[in-house]
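Below: the structure, in structure tokens.
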Amino acid sequence: MSIKRFPVLVQTDEGEKWGYIDRKGDIKIAPKYSYARDFQNNGLAVVEVDQRNGVINIKGEYVVEPIYESITGFSEGRAAVYRNNGFQVINEKGTILTPKAYSYIGEYQNGLALFSEEKEGTTYYGYLNNQGQEAIPAQYLSGDPFKDARAVVQVKENQYALINRDGNPFYTYNYPYVGNYGEGMLAFQQDKGGKYGYINERGRVVIEPSYDYVQAFKEGRAVVTVTEDYIFKYGLIDPKGNQILQPVHDDINRLGEKRIAIGKAIVPDQPYLGSKYAIADLNGDLLSPFRYQNVLDYEKGLASAHDDENTFFLNRKGNIAQNKPVLPGQGSLSIEGPLIKAMIDYELLYLTQEGEVIWRPKRTIRLNNQFRILKMKYKPNIDYLVYYPVVRGMDDTAVQKEVNETLKEMSQVKEIPKEKKLDYSYFGDFAIDYFHKDLVVIELNGSQYYFGAAHPMPTKRHANLNLVDGTIYQLSDLFKEGSSYAEVLTKLVNEQIREEDDSYYFDDVDVKVDPDQPFYVNDTSLFLYYAPYEIAPYVAGFPTFEIPFERISELIDYNGSFWRSFHSNMTN
């Protein structure tokens, strides 16, 4: 079926929420979700509410109630759901098909989905059919998804097999590694930790091991890699091992439709800082200069890309497509049914095929009839982008100016060289977490990624702002002068940590609440949080502890400016 609903992010009284528009840009499913994915061709979409996932139809009705920790997209009419430390399979009506939960379930391909389960401390892999039954029991040390009714599995150490949909082996290979099946060829290693080459399905060596890494064959070509002094160089070969492109390039990406993108490092001796790409055919002939970045796969003759100025579609000749929109900024475009979906500088827009914008996010957040917050953009460099808040409506314009300068500084709006290639990227944004009476709580988020690093480093700060007098409150402002609030909060936080069943905190952690601990508030509670790696691993994000005001009532200064900024009563 054709796509009729499209997800959008809307500022509401309860903060930013996701809803859905129609092809004209009119809201058809009210914004009430914390996240909303695209509708799939089966007319279903996965949405998130209160950290739980469900599935809705185009009317906004729940087909699957939001009870799961995660739900994958549907493939071949099936999706994997995760709850209570295990995965199960559901159909498009939300019916659970698997009689038990598994530690992993992959996407359905060729009517089968890879799954895994633990047995005596070892993970084994098998395959589920579309009824959720174990078509091939868990017995392999590893497994790949089925492709062309074949899958590569590891039977035991130094032995792999190419199996059919019944689990019967076509051929067995006695090598330390075999995988990346494609077009009748398989990557392999002759020696453990050694170079990679290719064998055919029968196991005959077709291309001797000579590369540090190899990809699967597609469209009669494979990308290969050599490494020297931790620098990767990429090449392109045919099924006979002939080098179409020698492995001297900084990057090569397959784009589909008989096209590739060849990368040339922006800074030659620092390839990890990124590349600019030229479009080429499968013979390695260049169709464009090296000017593009973020080139995505071709689909129906078009591929999204951007340069230092604009985002656009490329045609198969490697040129900017005519009669398609060219948008200022960096990001991506995709054709979604009758519309073009654009993610430009981290903002979601929708356009008609002719380029008319039918949806863009509003840059003004109205808190009430007096106060509003503008969303301003600061982009001094292609790798540095910040959306920061500007307050409007305060009676004292001098105080308002001072507040806005402080918010800019907190948002990391600072001088950045325009032309210089940075060794990192930075993105900052904000959200309104809470507003009541005179108090607005603004969450300022950032993400800094040093190119070549394992992951970005997130940051978070809160401005608990009094819109009347311009005070940005500190934690101490909530409490009576001279009170031992830090010690009491420290005790309460450590109690919460000890009460958690599945603790992800560092061993023997003894958390301390500093007098200036990062925090925010809402109607009923104080929230204290810590940065990644501070008390828990990176994957834990920002560990946050809710302290209900009733638990600390004896410490709160009910006559203080902070409390009165968001409460009418002077007492608890």
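The values are calculated or read from the model by the stated rules, or taken from the named source; none is laboratory data. These figures come from a predicted structure and were not determined experimentally. FYI the Cβ positions are ideal-geometry reconstructions off the backbone, even for glycines, and counts take in every protein chain you see. Quick note on the areas: whole protein, heavy atoms, side chains included, nothing else; ligands and nucleic acids left out. Shrake-Rupley method; radii C 1.70, N 1.55, O 1.52, S 1.80 Å.
Data overview
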item: Most to least accessible of Asp251, Asp269 (protein chains only, probe 1.4 Å); result: Asp269, Asp251
item: Rg/Rh ratio calculated on Cα atoms of the range 253-356 (Kirkwood radius); result: 0.98
item: q = 0.09, 0.10 Å⁻¹, the range 24-156: log10 I(q)/I(0) [Debye, one scatterer per Cα]; result: -0.30, -0.36
item: Those GluC sites (Glu not before Pro) in the range 310-360 that DSSP places in a loop and that have at most 13 other beta carbons within 10 Å; result: Glu354, Glu356
item: Stokes-Einstein D for the range 339-428, Kirkwood Rh over Cα pairs, 37 °C, 0.692 mPa s (µm²/s); result: 215 µm²/s
item: Accessible carbon and sulfur surface of the chain relative to its total accessible area, %, 1.4 Å; result: 45 percent
item: Restricting the range 411-458 to trypsin sites (Lys or Arg not before Pro) in coil, as DSSP defines it, with at most 12 other Cβ within 10 Å; result: Lys414, Lys418, Lys420
item: DSSP-loop trypsin sites (Lys or Arg not before Pro) across the range 189-261, with at most 16 other Cβ within 10 angstrom; result: Lys192, Lys195, Arg202, Arg204, Lys240, Lys258
item: Ranked order, Ile416, Ile96 - accessible area, probe 1.4 Å, largest first; result: Ile96, Ile416
item: Kirkwood Rh and Cα Rg combined as Rg over Rh, evaluated for the range 364-565; result: 1.00
item: Cα Rg over Rh - the range 530-572, Kirkwood; result: 1.21
item: Alpha-carbon spread of the range 118-173, three principal axes, descending order, Å; result: 29, 28, 15
item: Rh (Kirkwood; distinct C-alpha pairs) - the chain, Å; result: 27.6 Å
item: Assigned charges on the beta-carbon of Lys, Arg, Asp, Glu; the range 364-565 dipole about Cα centre (debye); result: 1240 debye
item: Karplus-derived HN-Hα couplings along the range 424-434 (A = 6.51, B = -1.76, C = 1.60, θ = phi - 60°), whole Hz, x at Gly and Pro; result: 8, 10, 9, 10, x, 8, 9, 8, 8, 7, 6
item: Model label zone, Lys32; criterion: amide N under 11 Å from point 7 Å along Cα-to-beta-carbon; scope the range 502-527; result: none
item: Isotropic mean projected area of the C-alpha convex hull, the range 5-75 (nm²); result: 4.5 nm²
item: Given charges at Cβ of Lys, Arg, Asp, Glu: the chain dipole, positive-most of Ala463, Tyr171, Asn283; result: Asn283
item: Cross-link reach list, aspartates and glutamates versus Lys192, counting only Cα pairs under 20 Å and skipping chain neighbours closer than eight places; result: Asp144, Glu157, Glu208, Asp212, Glu228
item: Within the range 1-119: Cβ-based charge dipole about Cα centre, in debye rounded to nearest 20 (Lys, Arg +1; Asp, Glu -1); result: 320 debye
item: Point-charge dipole on Cβ atoms (K/R +1, D/E -1) for the chain, about Cα centre, debye to 20; result: 2340 debye
item: Phi to ³J(HN,Hα) by Karplus 6.51 cos²θ - 1.76 cosθ + 1.60 over the range 278-288, Hz, x for Gly, Pro; result: 10, 8, 9, 8, 6, 8, x, 7, 6, 10, 8
item: Over the chain: helical MRE at 222 nm, DSSP H runs n ≥ 4 each giving -39500 (n - 2.57), nearest 500; result: -2000 deg cm²/dmol
item: J(HN,Hα) series, the range 121-126, from Karplus relation 6.51 cos²θ - 1.76 cosθ + 1.60, nearest Hz, glycine and proline x; result: x, 10, 8, 10, 10, x
